[in-house]
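Beneath this line is the structure, given in structure tokens, with notes to follow.
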């Protein structure tokens with residue numbers, strides 16, 4: 001009688017930092033309302049947040065791996081491969097979305113910068129014109145300073161984009177890129193019934209299920 005598999009999936013590199021998740025079924029890792037095939041399905045938001053939060057605390061220069069502790073015995077021979085592909089595909093799509101978000105941020109930043117520069121130039125011109133019209137009056141100087149301050153305030157948004165807003169998105173992209181290539185391994189439990197995996201794979205064709213149980 002063959003010995004039951006206690007684990008499956010990628011080999012874990014030595015001295016790697018392991019992200020550990022425990023679930024009763026693999027499908028608990030994925031969004032239940034997503035109709036996509038298993039390998040293209042979105043992760044459950046809570047599972048994703050758990051993995052990302054754990055990874056955020058790990059050194060960026062170290063190797064990472066994901067170990068899923070599954071509260072059932074091993075099922076299909078390809079389930080570890082399918083899980084790895086699904087997780088890698090999901091985080092790869094997140095990387096693409098993050099890069100798109102960064103490009104959109106820079107596009108808005110450039111537009112905001114042009115608008116702010118035009119507004120600053122107009123504010124300076126109007127302020128100087130009013131100050132010249134009211135030459136010698138403290139009111140004229142006050143109005144000019146007000147227009148100048150307003151012009152520089154308009155510069156805050158593009159400066160915020162190019163100085164502060166972009167680098168957290170860039171950091172998220174690097175983290176997601178690491179998650180999209182990390183080894184994935186499943187550790188099984190023997191406490192559940194041997195056929196518990198069947199309810200975890202709803203995409204199995206009924207004929208295949210009947211054939212395997214006959």
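Only the coordinates and a few stated rules stand behind these numbers; no lab work does. Please read these numbers as outputs of a predicted model, since none were measured by experiment. Here Cβ is always computed from backbone atoms with ideal geometry, including for glycine, and neighbour counts include all displayed protein chains.
Tell me, what is a quarter of the convex hull surface for the C-alpha atoms of the stretch 104-172, in nm² with one decimal?
4.5 nm²
What's the angle, to the nearest 10 degrees (0 to 90), between helix 79-133's Cα axis and the longest principal axis of the chain?
The answer is roughly 0 degrees.
To the nearest 10 degrees, how steeply does helix 45-56 sit against the main Cα axis of the chain, on a 0 to 90 scale?
Orientation of helix 45-56: about 70 degrees from the principal axis.
In the Gaussian network model of the chain, springs joining C-alpha atoms below 10 Å, which of 163, 29, 102 carries the largest mean-square fluctuation?
The residue that fluctuates most here is 163.
Taking N as the number of residues in the stretch 5-91, what value does Rg over Cα atoms divided by 2.2 N^0.38 Å take?
Numbers: Rg = 13.1 Å, N = 87, 2.2 N^0.38 = 12.0 Å.
It is 1.09.
Output the 0 to 90 degree angle, nearest 10, between the alpha-carbon long axis of helix 138-154 and the longest principal axis computed from the alpha carbons of the chain.
Its long axis makes an angle of about 20 degrees.
Based on other C-beta atoms within 10 Å, arrange 166, 156, 64 from fewest to most. List each step's numbers first, then the result.
Numbers: 166 16, 156 11, 64 21.
With the sparsest Cβ surroundings first, the list reads 156, 166, 64.
When the distances between all Cα atoms of the stretch 52-164 are binned every 10 Å from zero, what whole-number percent does each bin get?
P(r) for the stretch 52-164, in whole percents per bin: 11, 21, 18, 14, 12, 10, 7, 4, 1.
(i) 1.31; (ii) 0.94; (iii) 1.00: which one is Rg/Rh (Cα atoms, Kirkwood Rh) as calculated from this entry?
(i)
Using the beta-carbon distance between residue 163 and residue 190 and R0 = 45 Å, what value does 1/(1 + (r/R0)^6) give for FRET efficiency, to the nearest 0.05? Display every interim value, and only then the final one.
Numbers: r = 55 Å, r/R0 = 1.23.
That gives a FRET efficiency of 0.20.
So if we plug the beta-carbon distance of residue 181 and residue 103 into 1/(1 + (r/R0)^6) with R0 = 30 Å, what FRET efficiency do we get, rounded to 0.05? Mind dumping the intermediate values first?
Values: r = 22 Å, r/R0 = 0.74.
After rounding, the FRET efficiency stands at 0.85.
Want the number for residue 170 to residue 155: 0.36 nm per residue separation, take away the alpha-carbon distance, what's left? Please report the intermediate quantities before stating the final value.
Working: separation 15, 0.36 × 15 = 5.40 nm, distance 2.27 nm.
Residue separation times 0.36 nm, minus the Cα-Cα distance, leaves 3.1 nm.
What per residue convex hull volume, in Å³, do the alpha-carbon atoms of the stretch 9-48 yield?
On the way: hull volume 3.9 nm³, N = 40.
Cα convex hull per residue, to the nearest whole number: 97 Å³.
Report the extension gain between residue 31 and residue 6 in nm, rounded to one decimal, defined as 0.36 nm multiplied by the number of residues separating them, less their alpha carbon distance.
Values: separation 25, 0.36 × 25 = 9.00 nm, distance 2.62 nm.
Full extension from residue 31 to residue 6 adds 6.4 nm.
Of 182, 155, how do they rank once you tally other Cβ atoms within 10 Å and put the fewest first? Numbers along the way, then the final one.
Values: 182 23, 155 16.
Ranked by crowding around the Cβ, least crowded first: 155, 182.
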